[in-house]
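These notes concern the structure reproduced below.
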Amino acid sequence: MLSSHSLELVQTLVRMNTVSDRSNLELIHFIRDELAKLGVKSRLTFNADKTKANLFATLGEGKPAGIILSGHTDTVPWDGQAWTVDPLSATVKDGKLLGRGSADMKSFIALAVAHAKAFLESPAPFAIHYAFTYEEEIGCFGVKELIADLRDTGVQPLACIVGEPTLMIPAIAHKGVYRYKCCVRGKEAHSSLTPQSVNAIEMAARVIGKLRDMAEGFERDEPRYDGFDVPFSTASVGQFHGGIADNVVPRDAEFRYEFRDLPTADARAMQSEVVAHARSLEPGMKRVAADAGFSFETICEIPSFLGSASDPVTRLAQRLSGESGTTLVAFGTEAGLFRQSGIPTVVCGPGSIVQAHQPDEFVTLEQLERCEKFMLGLAGIREIG
């Protein structure tokens, strides 16, 4: 049976509006104050304008190492979605808790904080670290600052558990997410005088065609990675803008695209191939207009994650969750960045990604109960093995 304290804490966090374009400080300060009641100090690292913060706290100061419980505090918006309840209501109905962020991923954060006292009293030979971040949903920006801060302060955790929704099944791999913007500068002209112009849309289309060719090549030729819904890397264009009138050759065009690379692939090499193709088109463009060409901007680079079923942290997550197997997930998380920094990592949390980002997002009370047992088990454990 889920404790009333845990349920209340989940509802409290879900009722805070932390959509990525807003501040998360209400939630961060709430957790800081809850931990302060137990004598636990929190370290906050802020974004440039001090409107958002990461929180890092250690429960069990003085123990030689610790396990990170990691979660992002931001959520996606719900504009235009057909919700049947207030997205910030944290309504409990038919065995579910509904609300934005209930699955992705405030429930894990709330349940971790609900068990702070148990972690402080734990007989485990390791500490528990809380690492709660901002702006995961738009590019994992907060966690990069948090990891850099840990490195600067000399914190060297044993392992990390990222509590994204996996139905409490430990996940040991996911694809990377690499997004870019391409801006094309051409030269406008009356559409009756096309030889005197550089058509930005047409030049953009040539690069988009290259992306399509690459995507088809991944599907045709890339070695399969069994366990993923799509067992090969993908490329796709998500946005395109360009042109001002039918009879004006467009000077400017812009498009955005992404790669989702397998853990065995190299998204940066993919991006280099796209840039090289664009550069090969520029000499012809510049013969007409010296300032014509392509520019690229990185929107986000979230590395793929590859753990192992044999990692001690994976075996620990299996013991605590009662799951004998592991899974792979299609979505990106902060796990790749923790792993890239040298911290063994696993992804395991309550709820399903199928419900995340959807109208009437929910987590079942059964999943919350399982996560609570996970936390209680972690507090009572004496070794990771």
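For the reader, a short list of remarks on this structure follows.
- Taking a point 7 Å out from the Cα of Asp213 in the direction of its Cβ, the residues of the stretch 236-270 whose backbone N falls within less than 17 Å of it are 236-237, 270.
- Entry comment: accessible area of the chain is 43 Å² per residue, from protein heavy atoms only and a probe of 1.4 Å.
- For the stretch 223-280, the Rg and Dmax computed from alpha carbons only, in angstrom: 16.0, 50
- Residues Glu273 and Arg224, FRET efficiency given R0 of 22 Å [Cβ-Cβ distance, rounded to 0.05]: 0.55
- The tail of the calculated P(r) for the stretch 115-204 beyond 23 Å holds 56 percent of all Cα-Cα pairs.
- Under the span-like rule (Cα at least 27 Å along the axis, Kyte-Doolittle mean at least -0.5), DSSP H helices of the chain: 200-221, 267-286
- Most simply put, the chain has about 75% antiparallel DSSP beta bridges, counting only bridges with both residues inside it.
- Potential extension, Asp266-Val85 segment - 0.36 nm per residue separation minus Cα distance: 60.9 nm
- Treating each Cα of the stretch 75-138 as one equal point scatterer and applying the Debye formula with no solvent, the log10 of I(q)/I(0) at q = 0.15, 0.16, 0.26 Å⁻¹ comes out as -0.64, -0.70, -1.16.
- Highest to lowest packing among 244-250, 258-264, 274-280, scored as the average C-beta count within 10 Å: 258-264, 274-280, 244-250
- Candidates per trypsin sites (Lys or Arg not before Pro) in the stretch 218-255, loop by DSSP, up to 12 other Cβ within 10 Å: Arg224
- When only the Cβ of Lys, Arg, Asp and Glu is charged (+1, +1, -1, -1), the dipole of the chain relative to its Cα centre reaches about 600 debye.
- Highest mean first, the peptides 297-305, 347-355 sorted by other C-beta atoms within 10 Å per residue fall in the order 347-355, 297-305.
- Three-way shape call for the stretch 29-98 based on the alpha-carbon gyration tensor, with the a/c threshold at 1.5: prolate
- Simple spin-label estimate for Gln156 and Glu297 in nanometres, 7 Å along Cα-Cβ: 4.0
- Intensity falloff of the stretch 277-369 expressed as log10 I(q)/I(0), Debye formula with alpha-carbon point scatterers, at q = 0.11, 0.19 Å⁻¹: -0.55, -1.01
- Rg/Rh (Cα only; Kirkwood hydrodynamic radius) as it applies to the stretch 180-329: 1.17
- Accessible surface of the stretch 159-280 [probe 1.4 Å, protein heavy atoms]: carbon and sulfur percent: 49
- Kirkwood Rh and Cα Rg combined as Rg over Rh, evaluated for the chain: 1.05
- For q = 0.14 Å⁻¹, Debye-computed log10 I/I(0) when each Cα of the stretch 1-135 counts as one equal scatterer: -0.64
- Inter-site label distance for Ile244 and Met1 at 7 Å from Cα along Cβ, in nm: 7.0
- The HN-Hα couplings worked out from phi for the stretch 292-304 by the Karplus form 6.51 cos²θ - 1.76 cosθ + 1.60 (θ = phi - 60°) are 6, x, 10, 10, 10, 10, 7, 8, 7, 9, 10, x, 5 Hz, whole numbers, x standing for Gly and Pro.
- Take 158-164, 58-64 and order them by the average number of nearby Cβ atoms within 10 Å per residue, most first; the result is 158-164, 58-64.
- Share of carbon and sulfur in the accessible heavy-atom surface of the stretch 329-376 [1.4 Å probe, %]: 56
- Cα shape, the stretch 332-385, gyration tensor, a/c 1.5 rule: oblate
- Gyration tensor (alpha-carbon) shape descriptor, the stretch 148-187, a/c threshold 1.5: oblate
The values are calculated or read from the model by the stated rules, or taken from the named source; none is laboratory data. Small disclaimer: the values here were computed from a predicted structure and weren't measured. Cβ sites come from the backbone with ideal geometry, for glycine too, and all protein chains shown count toward neighbours. Ligands, DNA and RNA are stripped out before the accessible areas are found, and what is left, the full protein with its side chains, is counted by its heavy atoms. Shrake-Rupley method; radii C 1.70, N 1.55, O 1.52, S 1.80 Å.
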